[in-house]
Amino acid sequence: MLWQSSTQKVLEIGCGRGAFLTSLARANPSAFCLGVDREAYLVAFTAVRALQENLLNLRTWKSDAIHLSEHLPHNSIDSIYLNFSDPWPHHRHERRRLTHPTYLQQYERLLRSSGTLELKTDNEALFDWSIKQLLATHWTVQEVIRDVPAERPTTEEPSGENHVFAISGLHVQSDFERRFRQEGVSIHYLSATPPHATALASRL
């Protein structure tokens, strides 16, 4: 099976129309790229896009992120990408944000000890809130870039010794990012490793 034979497995939650994931799959043919979205028409759109480009390493799946760890093997994913997720700005809706601790628990189960979670957003309030949630739940924030430039980004916080090498989505653009950049909107990026990665490193 493609899942079993792939050297790396990556997951985009909220894949939309698939611009990010198809670019990632094209650049990393040995990786298994899975795109998940709640909207059936977006899942279908991404699947057709992959078929048209003959991207045999890309699959799509209609699902809510809250159920992912019930269906995917634990400790199996190398990278999880959250690109321009709905910020759900009202306090009463914060549990729906994809960086709420309930979702972070799902990601922690799915990620390998060397895995990374990457977030891109144009919403600075969501970005700051997400950093707080990650730190509060003992994730290690490896990299923070505010207002990501087109080339040679400068990190706000340098990568630590436990930085892992993964398929980075930093310079891979989604449809949203392309549109926002055309409008001059600032893009913010972070990467983080799960708590069990820190625990493993401390035992080595």
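Listed values, structure above:
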{"item": "Subset of region 42-85 [at pLDDT 95 or above and of a type in the set (Asp, Glu)]", "result": "Glu53, Asp78"}
{"item": "Qualifying positions in region 121-149 - closer than 16 Å to Thr102 by Cα, free of Cβ contacts under 8 Å to residues at least 40 places away in the same chain and either of a type outside the set (Lys, Arg) or in contact with a Gly (Cβ under 6 Å, 6 or more places away or on another chain) (or both)", "result": "Trp129, Gln133, Leu135, Ala136"}
{"item": "Matching option when the condition is out of contact with any Ser or Thr (no Cβ under 6 Å at 6 or more places or on another chain) and over 14 Å from Ile167 (Cβ atoms), among Arg17, Arg49, Arg26", "result": "Arg17"}
{"item": "Residue list for region 134-152, restricted to those being crowded, with 17+ Cβ neighbours inside 10 Å and either part of a helix (DSSP H, G or I) or of a type in the set (D, E, K, R) (or both)", "result": "Leu134, Glu143"}
{"item": "Entirely in region 1-63, the helices (runs of 4 or more DSSP H) that have 3 or more residues that are of a type in the set (Ser, Thr, Tyr), touching a Leu at 6+ places or on another chain (Cβ under 9 Å) and buried (at least 18 other Cβ atoms within 10 Å of the Cβ)", "result": "none"}
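The values are calculated or read from the model by the stated rules, or taken from the named source; none is laboratory data. Owing to the predicted nature of the structure, the values given are computational and were not obtained by experimental measurement. Please note: Cβ atoms are built from the backbone with ideal geometry, for glycine as well, and neighbour counts cover all protein chains shown.
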